[in-house]
Amino acid sequence: LSSISNRQYNTENYSSFLGSQLAAGQKYHNNKKTTGITGLRVEPEAGRILPIFYDRLIEVLETKFPEDYAYSKTMKEFYTEKKNLLENCESIADFEEKMNMSIEMAMFHAKEEINLAMEMAEDRPWEELVEEAPEGQWQWP
């Protein structure tokens, strides 16, 4: 019992991925000893968690931004491509090699992008300015 993680994840919305992962066996198991980056711990369940982060980010981009907003369109394509890459790789090591970064760093990037997207959605940068910008504000010397 002591080897079972105390973490609890909401996987109800992602049951199809979880089911495919259980069937895949060790494909998504992260068994490396270190990330090689100070302060960034190895996440043994990264192969299961990262697609959830990607799904959450894509959901935020689809539901909280206008359809034609450049940031959301670009990031949705970018992270959908990363998610598909992870799903089609033979292992986590294969994903890391193709991404040229650790899966933990990919998780860090996804978490930070979720935070950024949530803040941007709250700020609504696609709307008109509340007041006119001061003259010269948008000019670069």
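Can you pull the percent of the stretch 30-141's accessible area that's carbon plus sulfur, 1.4 Å probe, other chains left in place? Carbon with sulfur: 49 percent of the solvent-accessible area. When the label point is put 7 Å from the Cα of E127 along its Cα-to-beta-carbon vector, which residues of the stretch 38-69 have a backbone N closer than 20 Å? Answer for the stretch 38-69: 60-69. Heavy-atom accessible area with a 1.4 Å probe sorts K33, K27, K82, largest first, into K33, K27, K82.
The residues of the stretch 49-113 expose on average 54 square angstrom of accessible surface per residue, using a 1.4 Å probe on protein heavy atoms.
The values are calculated or read from the model by the stated rules, or taken from the named source; none is laboratory data. Keep in mind that what you see is a predicted model, and the values were worked out from it rather than measured. Backbone-built Cβ (ideal geometry, glycine too); neighbour counts: all protein chains shown. Side chains are part of the model used for accessible areas, which takes the heavy atoms of the whole protein and leaves out ligands, DNA and RNA. Shrake-Rupley method; radii C 1.70, N 1.55, O 1.52, S 1.80 Å.
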